[in-house]
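Q: What follows is a single structure, and I will ask about it in a moment.
The values are calculated or read from the model by the stated rules, or taken from the named source; none is laboratory data. Keep in mind it's a predicted model, so treat the numbers as computed, not measured. Here the Cβ positions follow ideal geometry from the backbone for every residue, glycine too, while neighbour counts run over all protein chains shown.
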There are 2 protein chains.
Amino acid sequence: MSNWTIIAAGKKAKQQASIPKKWLLSNLPPQSTLNVSEFPDGCGLLTDEELQIIRADTDILLSKLAQGEWSSLNVTTAFYKRAIIAQQLTNCLTEIFVERALARAAELDEHLKKTGKPIGPLHGLPISLKDQINIKGLESCMGYVSWIGKVAEENAVLVDILEAAGAVPFVKTNVPQTLMWAETFNHVFGRTCNPYNCSLTSGGSSGGEGALVSLRGSPLGVGSDIGGSVRIPSAFCGIYGLRPCYGRIPYAGCVNSMEGQDSVPSVLGPLSNDLAGIKHFMKAVIDVKPWLKDPLVVRKRWSEEEYSLVDHGYGKNLCFAILWDDGDNVPHPPILRGLGTVKKALEAAGHRVIDWKPLKHVEICKTLVNLWGSASAEDYQAVAMLTGEPIIASMVPEQHAALAENISYRGNETASAYQLWQIQKKKRDLREEYLRHWEATVEITGTGRPVDAIISPIAPHTATPHGMNKNGNYTMVWNLLDYAALVIPVSKVDQVVDARRPRHEFYNDTDRMHWESYNPETYKDAPVAVQLVGRTLEEEAVIAMSEIVDNALKSSKARL
Amino acid sequence: MSNWTIIAAGKKAKQQASIPKKWLLSNLPPQSTLNVSEFPDGCGLLTDEELQIIRADTDILLSKLAQGEWSSLNVTTAFYKRAIIAQQLTNCLTEIFVERALARAAELDEHLKKTGKPIGPLHGLPISLKDQINIKGLESCMGYVSWIGKVAEENAVLVDILEAAGAVPFVKTNVPQTLMWAETFNHVFGRTCNPYNCSLTSGGSSGGEGALVSLRGSPLGVGSDIGGSVRIPSAFCGIYGLRPCYGRIPYAGCVNSMEGQDSVPSVLGPLSNDLAGIKHFMKAVIDVKPWLKDPLVVRKRWSEEEYSLVDHGYGKNLCFAILWDDGDNVPHPPILRGLGTVKKALEAAGHRVIDWKPLKHVEICKTLVNLWGSASAEDYQAVAMLTGEPIIASMVPEQHAALAENISYRGNETASAYQLWQIQKKKRDLREEYLRHWEATVEITGTGRPVDAIISPIAPHTATPHGMNKNGNYTMVWNLLDYAALVIPVSKVDQVVDARRPRHEFYNDTDRMHWESYNPETYKDAPVAVQLVGRTLEEEAVIAMSEIVDNALKSSKARL
C-alpha cells in the first residue's frame, strides 16, 4: 500500500473502533436488500421509548426536552443508537464521539434540573454536522487523506451558536472529497448509499446528512450548499432541506474547498424530517445576531413579518410557477409527476399555478462552472499533494481503483484574475436579467404581484445509480442567482404510474439519452421531491410558503 | 494634436457651450484668490429668494417643495445657477443639461398643482450625480476620452428610484480617470479644485461632488466610494458624506472601473450640507425595496428601530473610541485638534470617549491594494487603448503634459485567479479578526456593550496640494472591513492654533517626512473633519450616532 492508503485505512479503523460494541448489529440485512429504510425500526436495538423519541416531530421533541419530560441524555442516546444503525446500513458518518456527546447531554439535563429553565431554544436536541463543520478537538478531514490528523483548535462559529442554544452536536457526516460532487465518496470513509435503495446514491455533497436524517438517525442536520449540496441529498433521501442565501448563516470556522472563492460561495443550511426543524434552526441561529460573530453574515434580524408573508399577500391566493424543465434536459417521469402532484394540491388549496419560463439556465450554469473552474484544479491539487492521494475524477465505483494510483484533476486550467473579473461581470449581468424576468411576471399572475415562488425539480431525475449523478443544473442555477430554496418531499417512484413513456422531440442528444435511460426498476423506491425557490434573503417567506405547499400536499393525500 | 486630444477638446468645448451665456460670470475672482467659498453669495447672479433657497436646510427645502411654497422650477433654477458658478470657480461639473432639468422640475410643479400631492419623499429636489451614474440620453465618459460619445441607453437603477421619489437630476460631476485616485483630474474635463483653497485638491474620486455641494451648488449629491471616494471629498470640502456598506444602495446601471472586481466593491453614497440630507436619501432609496431592482442590494428594510439606536442603549451614555493614528502615519495637527474637539464635545454631552487601538491597518490596506491590483492595470488599459489616451500616472499638475504621450499603467502585474482567491481568503481572515477585536472592547467600555462607534480621521491631513494626496489608508481600511462610515465636518485649519509642532519619535520615514512637511500656511482654510465608523450594514445607527456627534459639536461651539 502507498503511504496515503495506509493513513486512510488507519483513520477508518479508528472510526470503526469508536462505535460502542453493543451497538454493532449482527442481523444486518443482506447486500441484496436495496431498501433498508424500514430496517432500523425492527432491528431491535432501540427500546420502545427510544423509537417514540426518534419518531417524534421536531416541535414535540423540543417541547418535551424543554419541559424535561424527555431528558437530553435519553434523546441523544436514542438518536445515537439510530445513527449507528444508519452508519452500518449506509456508511453515512465520519466522526463518532459518543461519550463526549452524552456527557454534554447530561450537563444540559443537570442545568434544566437546577434552574428549571432550558438553556436555549434547541435545549437538549442532538444535531448532526457535515464533516467540514469544525468541532474543537475533533478532526474535519473532509474526505481528504491529507487532512487526517488535523484537529480543530476551535469550534466553528455555528457550533458555538448551536451549543449556546442548547443543542448537542453528536456525529459528523460523510462528504465527497473536495465537496464538489453531487454524490458522496472519498478515499477515507468510502461511499454513502441511499437508504431507500442502496444501489442509488444518497446525493452529495451533504450525502451523509441526507442518509442519516432520512433514517431518523438525527433530528436535525447541518449541511452546506454551493451548487445543490444540501438540496440534492435532501431530495434524493426524501427529507426537507434549505439552501439559505449567502451570509444568512455563519460559515466562519469551517474547513472548505476552494477557500477564497467568493464568486458563488457555499452556504450552510439545515436538513430535517419536518419544516419545523428547518424553521427552529434558522430562527435560533439568526436570533443571536450571528453578524457579531462572523463578519460575512448579513445584519438582518429574523423577521416574523416576512414569515407572515407580508410581501406575499399574507399567504392568501398565492401564485406559484412551475419549472417543468429547464429547456435543456426534461426530467424523468417521476419528477414530472411530482410537479403535477404539487400543482393539483396547490390549486385545490386555492392558489394559482402557472408555468415558469426558464431564462438562460444553461448559460447561468456554465458561468457558474467557469467561476469555480477558474482555480479549482490548483486548489484541490494543493491539498492532495500533501500525501499524494489522487483527486477523485469519477464517482463510478469500478473506476476508483484505476484512478487511485494516478494524480488527476477536474476543472479548467487556472484563469487570470482579469478573466475571473470578466466572468463575475457576466454573473452580475445574468442576475440583473433574471431579476427583471421575475419582476415582469407581475403582468401574468393576476395577483398584482410577481410570481410568489417557483416550484422546481432538484434534478432531472431522482437519486441515480452511483456515478451517474452528473447534471446539477436544476440546483446550481439558484446558487448563482442566490435565491433561497427549500426541498419538500412529495412521493416515491411508483413502478406502475411512473412507467417509461415515449417522447419524440428532444432538446439535444443528452436530453434524449437521459430520457431513454429511464426505467422505473432502476429507480425503485427513490424519493421524489420539489424545491420551492424564493428571492434572495427571503428565507422566512420561503419557509412559510413551503409550509403552505407541504400542508396542501398533506391535505391532498388525506383526501385520496 | 493626437486623435485623443482632439476628441477630448471637442467634448470640453461642447460642455462649455451647454452653459447658458447669461450665467457666465465676468467678475470671477483673480487666480491669486485661493478661498472662493464666499464668492458665490456676493457675485450677483442669484436673487435674494434664490440665495434663501440655496441656504435652506434640507428639511426646510423638502418641506417647502412638498407644500408648493417653493416651486421645483425655482429651486432647480437657483441650484443650477449656483452650480454654474461653482463650475466656473472649481471646474466641478461634467454633463450640464439645463433645459431638460428645468422641464422635469416644471412637470413636478404641474403634478403638485393638479393632485395636491408631492410625487414622493424627494419631491422637486435637484440632485447632482457623479459622472458614472447613467442618465438615459447623456454620456458617462467618466474622464475616459475613450468613452466620449457613448450615450446611456437606460437610467441607472438609482436614477429611476430618485426620479420616482420626485428628485430632479440636474448636473453630473467630475472624477479622476479610472476613479482610482483620491484627487480629481482627467484628460477630458481637467481638474477640480477645492473651494476653500484652490491650490488644494477637492479630493476624489467624487471630487466634483465635494466642491459642488460645498459651494451649495447642489443640496444633495451622489458619489461612490471604493476606498474613500465619497468621504475624502466630503472631508476635504467640509460637508457630510456617507459610505454605506456593500449592497445597501443600488449600483446597477452605472459605469465603473474594474467591473467584475467583487472583492472590495465600490458603493454609492450621498453627500450633503446636513445630516438630514444623508438620512432623507438613504430612507427614500431603501423604502422602495431596491432589491427588487438590483439583485446585489441586500433585502433589508430601512429600520427605524436601528435608527432609534436599539443596539446602542437608545443613544444614552454611548462609548465612542477615537483612532488618533493608525500606527503608521500620525495625522497633521489640525486633524488631531479636530479629534480632540470631538472628544471634548462628546464628553460634555455625557458620553464616554476612549482610545481605539488600531489592528493591522497597514496589512489590511495592503491586502486591499493587492485585491484591486490583481487585474486593475489590464482593466484600465482595455479602455484606454480604444483611443490611445494615456493612463494617468500622477496627479501632480506639471507632470501631466509629460505623461500625455506615454501609455503607462498603475497596478500590479495581473495575478492568477488562484492568487486572487488566496488574497480573498486573507481578507476574510482579517475581517474575522477585526470583528473579534471590536467585540472584545465590551471589557473596557463600561457600558455593557462593545464600543458603539469609532471616531477616525479621514486622512492624515486635510486637503493637500494637488498631486500630494497619496495616503488613503484611513478610509480604505473601512472599505475592506465593510463598515459604514459618515464624515462630519468639525472646523477649519487655524493659522495660530494649528502651528507646526515638534515630534521626536516616528513610526517610519514616511511618517517623519509627512509630519515635517506640515505648515499651516500651505493648508490655509482647509476644512477639518472626522468620520464616524459603525458596523457592517448599520447605516441607520451610524446616521443616528452622527447626529449625536454633530449636535454635541454644535452645542459645544455655541458654548464657546
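Q: Check A:Ser263, A:Ser214, A:Ser234, A:Ser229 and return the single one that is touching a Phe, Trp or Tyr at 6+ places or on another chain (Cβ under 7 Å) and not charged (D, E, K, R).
A: Of A:Ser263, A:Ser214, A:Ser234, A:Ser229, the one residue that is touching a Phe, Trp or Tyr at 6+ places or on another chain (Cβ under 7 Å) and not charged (D, E, K, R) is A:Ser234.
Q: Then there is this: Regarding B:Arg243, is this residue at positive phi and touching a residue at least 24 places away in the same chain (Cβ under 8 Å)?
A: In short, no.
Q: Where in the range A:204-309 are there helices (runs of 4 or more DSSP H), lying wholly inside it, with at least 1 residues that are modelled with pLDDT of 95 or more and of a type in the set (Lys, Arg)?
A: A:231-237, A:275-287
Q: What number of residues within the range B:280-303 are more than 10 Å from chain A (Cβ to nearest Cβ) and either surrounded by 22 or more Cβ atoms within 10 Å (Cβ to Cβ) or more than 18 Å from A:Val310 (Cα to Cα) (or both)?
A: We begin by selecting, within the range B:280-303, every residue more than 10 Å from chain A (Cβ to nearest Cβ); these are B:280-288, B:290, B:302.
Retained after the next criterion (residues that are either surrounded by 22 or more Cβ atoms within 10 Å (Cβ to Cβ) or more than 18 Å from A:Val310 (Cα to Cα) (or both)): B:280-286, B:290.
Adding up the residues that qualify gives 8.
Q: Does B:Ser214 qualify as being more than 14 Å from every other protein chain (Cβ to nearest Cβ), under 17 Å from the mean Cα position of the chain (by Cα) and small (Gly, Ala, Ser)?
A: Considered against the rule, which asks whether it is more than 14 Å from every other protein chain (Cβ to nearest Cβ), under 17 Å from the mean Cα position of the chain (by Cα) and small (Gly, Ala, Ser), B:Ser214 comes out as yes.
Q: Now for a different question. Within the set of pairs 6+ apart or on separate chains, which have a first residue in the range A:310-329 that is at positive phi, a second that is among the hydroxyl-bearing types (Ser, Thr, Tyr) and modelled with pLDDT of 95 or more, and C-beta atoms under 9 Å apart?
A: A:Gly313/A:Thr447; A:Tyr314/A:Ser308; A:Gly315/A:Ser308; A:Asn317/A:Thr447; A:Gly327/A:Tyr507
Q: Does B:Cys193 satisfy the condition of being in contact (Cβ under 8 Å) with a residue 12 or more places away in the chain, surrounded by 24 or more Cβ atoms within 10 Å (Cβ to Cβ) and within 14 Å of another protein chain (Cβ to nearest Cβ)? I'd like the intermediate steps shown before the answer.
A: Numbers: in contact (Cβ under 8 Å) with a residue 12 or more places away in the chain: yes; surrounded by 24 or more Cβ atoms within 10 Å (Cβ to Cβ): yes; within 14 Å of another protein chain (Cβ to nearest Cβ): no.
No: the conditions fail for B:Cys193.
Q: Moving on. Look at the range A:418-439 and say how many of its residues are more than 7 Å from chain B (Cβ to nearest Cβ) and under 21 Å from A:Asp311 (Cα atoms).
A: Residues meeting the conditions: 4.
Q: For the subset of the range A:234-263 comprising residues that are aliphatic (A, V, I, L, M) and crowded, with 24+ Cβ neighbours inside 10 Å, which member is nearest to A:Arg535 (Cα to Cα)?
A: A:Leu242
Q: May I pose another question? Determine, yes or no, whether A:Ala156 is within 14 Å of chain B (Cβ to nearest Cβ), modelled with pLDDT of 95 or more and crowded, with 24+ Cβ neighbours inside 10 Å.
A: The answer is yes for A:Ala156.
Q: OK, next. How about the range B:361-374: which of its residues are in contact with a Gly (Cβ under 8 Å, 6 or more places away or on another chain) and within 12 Å of another protein chain (Cβ to nearest Cβ)?
A: As a first pass, look at the range B:361-374 and keep what is in contact with a Gly (Cβ under 8 Å, 6 or more places away or on another chain): B:361-362, B:365, B:368, B:372-373.
Passing the criteria: B:Trp372, B:Gly373.
Q: Here is a list: A:Ser266, A:Ser272, A:Ser257. Which entry is in contact (Cβ under 8 Å) with a residue 40 or more places away in the chain and within 12 Å of another protein chain (Cβ to nearest Cβ)?
A: Only one candidate qualifies: A:Ser257.
Q: Yes or no: B:Arg428 of a type in the set (Lys, Arg), under 29 Å from the mean Cα position of the chain (by Cα), outside the structural domain of B:Val145 (by TED's automatic domain parsing) and at pLDDT below 95?
A: Taking the combined requirement at face value, the residue does not satisfy it.
Q: Another question about this same structure. List the number of the failed condition for A:Gly350; all other conditions in (1) over 26 Å from the mean Cα position of the chain (by Cα); (2) in contact (Cβ under 8 Å) with a residue 60 or more places away in the chain hold.
A: (2)
Q: Okay, moving on. How many residues does the range B:66-101 contain that are of a type outside the set (A, V, I, L, M) and in contact with a His (Cβ under 9 Å, 6 or more places away or on another chain)?
A: Looking only at that region, the number is 1.
Q: Given the structure, is B:Leu309 away from chain A (no Cβ under 14 Å) and touching a helix residue (DSSP H, G or I) at 6+ places or on another chain (Cβ under 8 Å)?
A: So B:Leu309 fits the description; yes.
Q: Next question. So which of B:Leu25, B:Leu34, B:Leu89, B:Leu93 is surrounded by fewer than 16 Cβ atoms within 10 Å (Cβ to Cβ), within 27 Å of B:Asn197 (Cβ to Cβ) and in contact (Cβ under 8 Å) with a residue 40 or more places away in the chain?
A: Going through B:Leu25, B:Leu34, B:Leu89, B:Leu93 in turn, just one is surrounded by fewer than 16 Cβ atoms within 10 Å (Cβ to Cβ), within 27 Å of B:Asn197 (Cβ to Cβ) and in contact (Cβ under 8 Å) with a residue 40 or more places away in the chain: B:Leu25.
Q: Filter the range A:440-464 down to the residues that are charged (D, E, K, R) and part of a loop (DSSP other than H, G, I, E, B), then identify the one that is nearest to the other protein chains (Cβ to nearest Cβ).
A: Here is the first cut: in the range A:440-464, the residues charged (D, E, K, R) are A:443, A:449, A:452.
Next, from what is left, pick out any that are part of a loop (DSSP other than H, G, I, E, B): A:449, A:452.
Working: A:Arg449: 11, A:Asp452: 13 Å.
The residue in question is A:Arg449.
Q: Give all pairs with beta carbons closer than 8 Å in which a residue from the range A:465-483 that is within 14 Å of chain B (Cβ to nearest Cβ) and under 14 Å from A:Gln531 (Cβ atoms) meets a residue that is basic (Lys, Arg) and in a helix (DSSP H, G or I); count only pairs at least 6 apart in sequence or on separate chains.
A: Final answer for the pair search is A:Leu481/A:Arg431.
Q: Out of the range B:128-168, which residues are touching a residue at least 40 places away in the same chain (Cβ under 8 Å) and among the β-branched types (Val, Ile, Thr)?
A: Listed by number, the residues that qualify are B:Ile133, B:Ile135, B:Val145, B:Ile148, B:Val157, B:Val159, B:Ile161, B:Val168.
Q: For the range B:106-134, how many residues meet the condition of being crowded, with 20+ Cβ neighbours inside 10 Å and within 19 Å of B:Val222 (Cα to Cα)?
A: Count: 14.
Q: Now a separate question. In this structure, does B:Arg501 turn out to be part of a loop (DSSP other than H, G, I, E, B) and away from chain A (no Cβ under 14 Å)?
A: Working: part of a loop (DSSP other than H, G, I, E, B): yes; away from chain A (no Cβ under 14 Å): yes.
The answer is yes for B:Arg501.
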